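The structure under discussion appears below in the form of structure tokens.
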Amino acid sequence: MKQLIKLHIGLVKYLAKELPTKKTPKEVIEFLKNIIGVYLRELIKLFRNMFLIFDKDYMTKKKEFEKTQRIKIDLQRCLKMLQYVDTKMEKAGLNRQRRRQFWRDFYKDGQIRKETFDDLLKEIQ
């Protein structure tokens, strides 16, 4: 509903701004013809989106898509954090063998993961 109101307000503002610049009746007719075409396309798109809300299949697919997007974003953040830890260990002077051993322990031992995450939280704050 808000989008419909915004569409109408935008149309009125645009007409008030652009209509006085048209000099001849032919320009005014051509301008209004173009505006009506664009306005109707936007209105149809808006109503199509409004009717999709009532479609159960669409809503379930939309929720699934949003869930996968959230998971994707979380995984990207986790990857950045793990890359940060790895580069920090490299800058600290740990060789490749020590880093590999750390990641093996990190994977197997929950206590090491907890300590690492706590250290990261302390560093962030």
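The values are calculated or read from the model by the stated rules, or taken from the named source; none is laboratory data. Bear in mind that the values here come from a model prediction, so they are computed numbers and not experimental data. Cβ placement follows ideal geometry from the backbone for every residue including glycine, while neighbour counts extend to all protein chains displayed.
Just checking, does the range 21-32 include any residue being closer than 18 Å to Thr116 by Cβ and over 29 Å from the mean Cα position of the chain (by Cα)? Looking for residues that are closer than 18 Å to Thr116 by Cβ and over 29 Å from the mean Cα position of the chain (by Cα), one finds none in the range 21-32, hence no.
Only helices (runs of 4 or more DSSP H) whose full extent lies in the range 1-111 are considered here, and the ones with at least 1 residues that are more than 30 Å from Lys122 (Cβ to Cβ) and among the aromatic types (Phe, Trp, Tyr) are 2-18, 25-52, 56-91. The residue list Tyr39, Tyr14 contains one member that is in contact (Cβ under 8 Å) with a residue 24 or more places away in the chain and not β-branched (Val, Ile, Thr), which is Tyr39. When Met89, Met59, Met81 are checked against the criterion of being surrounded by 12 or more Cβ atoms within 10 Å (Cβ to Cβ) and either in contact (Cβ under 8 Å) with a residue 24 or more places away in the chain or of a type in the set (Phe, Trp, Tyr) (or both), a single residue qualifies: Met81. In the set (1) at pLDDT below 85; (2) more than 28 Å from Lys114 (Cβ to Cβ); (3) among the basic types (Lys, Arg), Lys80 fails one condition alone, (2). Being more than 30 Å from Thr21 (Cα to Cα) and outside the structural domain of Gln3 (by TED's automatic domain parsing) is a property that does not hold for Met50.
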